[in-house]
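The values are calculated or read from the model by the stated rules, or taken from the named source; none is laboratory data. Note that the structure is a prediction, hence the values are computed from the model and not measured. Reconstructed Cβ throughout: ideal geometry from the backbone, glycine too, with neighbour counts over all protein chains shown.
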Amino acid sequence: MTSQVTALATDPRAGTGNALAPLARLPLAAVGTVVLTVMLLGSRNYGHFFDEAYFVVAGRDHPAAGYFDQPPLVPLLAAGLDRLAHGNLVVLRLPATFAVVAITLLTGLIARELGGRRWAQVLAAAAVAMSLVSSVGHWLATYSIDPLWWTVITYLLVRWGRARDDRLLLAAGAVTALSLLTKFLVPALWIAVAIGALACGPRRLLTRPALWGGAALAVVAILPTLWWQAGHDWAYTRMGAVVRAEWPGGAGFALVGLFGAGLLIGLPLLLVGAVALLRSPALRPYRFLGVALVLVVAAIVITHGRSYYLASVYALPMAAGAVAAQSWAGRRRRGGSTALRIVAIVALLGSAASWIAASPVWSPGVAERIGTPPLRAPATMLIDGDTMLKGLSDTVVAAYRSLSPADRDGLVIVAESYPFAAAVDYYGRDQGLPRAYSGHRAYYYFGRPPDDARSVLWIGDPSPVLDGAFRHRRAVPVPGEDGDPVVRLYTDRTAAWPDLWQRLRSQ
């Protein structure tokens, strides 16, 4: 297969300034409509994921130019949408929903830019829609929005490779600014692109004034966030250790990253497309992007990045893989070409059925009956993640209300982790709970309890730090709670809050 990919027949529309293949308007519109429908239906379920609750709380209660763990765009967006329709999951997740649809359509357009005809455009779009892109697109989060910016940048660079229109580079700079306001990862893409251009050409890319004008625009956009980071000891630099501890790399990384591409359609296209970008004469004008792809993946692996970062780079190799399959089929005899199309259609339909079965469009009961679809993680995994916070908040509310007025006097709620704190601040606020504090990650920067706080309602496992700073500790059981109590009351504080807060800090 490698030799066949390498020997792709040169399409006169690929990598030149010549006319493109006709756009598959109706088929792509149909794919986009299906994806939009599935994402909208799934966005109703099942509750707020802990990152979503955290983003709403961060942007609503602690608006800032920057945060410990990310730039400000998603928290401020989440807060605005929650203010517009408080508690409405569909509204909150609209940006993520539209991002998935946009990535789907852009991947089809990238395939067209690479020389793909109608069925290659549709195959590429469908493949990326059924990948990890739509899995993380269930939630409004930095990792569901940033893949859109990366895909737009990739499309603009591919289009520039054909048209050499420098306005595309300026537009790429504007999109880079949005990416920098979402996550701090996009410089890795541009460094890889620069290395690829130096190694394979076109070196003139790096001399274009529009490219550097776009870079200046991105830098200006991120200056307030850099100012915040500088004023907080470059807090984001600590996230590297956090990510490395959570994602040790190796087989687990490969499993999630490759499995997330989609084993029937996405993964074969991804692998074939990566080879084609690096070796196909037809795709020679885009080889620098193939090199950039390899470098970005290598950087994610070496730095122990999260495997779902790969969702940001799926579009290009899947599009190239679809074009490679199209070119290979075009050189076969009619019977071989027809057989390949039949195999592709069967695999596409099988992937679609499995994708929909695993999507969160089903009620919890139906999802339980469906179980684990072939080659997919089940929707029940999303149910567990989406419902955890509400259950925790109900437990804390019940525990707080069970306390006497004397116990509540001088009491603050402190959580072991930021998801626990976000549960209290998002759900508990509507039920009269005071705000939560936590020394965990970004919540540490949201402030410590007041100096006159004498007791703590602690959410989490018993804390050795609090055990040494308070004279008394008792569990606060809640009727119906399974297992060990998650809420404890610490009273009679003996340590000063400034010192205690430093010792409660965690990452």
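Observations on the structure shown:
- Some residue of segment 85-96 being outside any helix (DSSP H, G or I), among the basic types (Lys, Arg) and within 14 Å of the chain's Cα centre (by Cα): yes
- Output for segment 371-427, where each listed residue is under 19 Å from Leu140 (Cβ atoms), modelled with pLDDT of 95 or more and hydrophobic (A, V, I, L, M, F, W, C): Ala421, Ala422, Ala423
- Here Ala422, Ala406, Ala398 are screened, and the one residue that is part of a helix (DSSP H, G or I), assigned by TED's automatic domain parsing to the domain that holds Pro485, of a type outside the set (S, T, N, Q) and buried (at least 23 other Cβ atoms within 10 Å of the Cβ) is Ala422.
Residue-wise test of (1) of a type in the set (Gly, Ala, Ser); (2) out of contact with any strand residue (DSSP E or B) (no Cβ under 8 Å at 6 or more places or on another chain); (3) farther than 24 Å from Val158 by Cα; (4) at pLDDT below 85.
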{"residue": "Thr237", "(1), (2), (3), (4)": "no, yes, yes, no"}
{"residue": "Pro248", "(1), (2), (3), (4)": "no, yes, yes, yes"}
{"residue": "Phe259", "(1), (2), (3), (4)": "no, yes, yes, yes"}
{"residue": "Pro268", "(1), (2), (3), (4)": "no, yes, no, no"}
{"residue": "Val272", "(1), (2), (3), (4)": "no, yes, no, no"}
{"residue": "Ser280", "(1), (2), (3), (4)": "yes, yes, no, no"}
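- Pairs where the first residue, in segment 76-90, is more than 11 Å from Ala58 (Cβ to Cβ) and at pLDDT 95 or above and the second is surrounded by 15 or more Cβ atoms within 10 Å (Cβ to Cβ) and of a type outside the set (A, V, I, L, M), C-beta under 6 Å, 6+ apart: Leu89/Ser43; Val90/Ser43
Condition check ((1) under 20 Å from the mean Cα position of the chain (by Cα); (2) assigned to a helix (DSSP H, G or I); (3) without any contact (Cβ under 8 Å) to a residue 40 or more places away in the chain) across all residues:
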| residue | (1), (2), (3) |
| --- | --- |
| Tyr155 | yes, yes, no |
| Ala199 | no, yes, no |
| Ala230 | no, yes, yes |
| Val242 | yes, yes, no |
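- Any hit, segment 329-338, residues being in contact with a helix residue (DSSP H, G or I) (Cβ under 6 Å, 6 or more places away or on another chain) and within 28 Å of Gly201 (Cβ to Cβ): no
- Residues in segment 401-432 that are closer than 19 Å to Ala79 by Cα and among the aliphatic types (A, V, I, L, M): Ala421, Ala422, Ala423, Val424.
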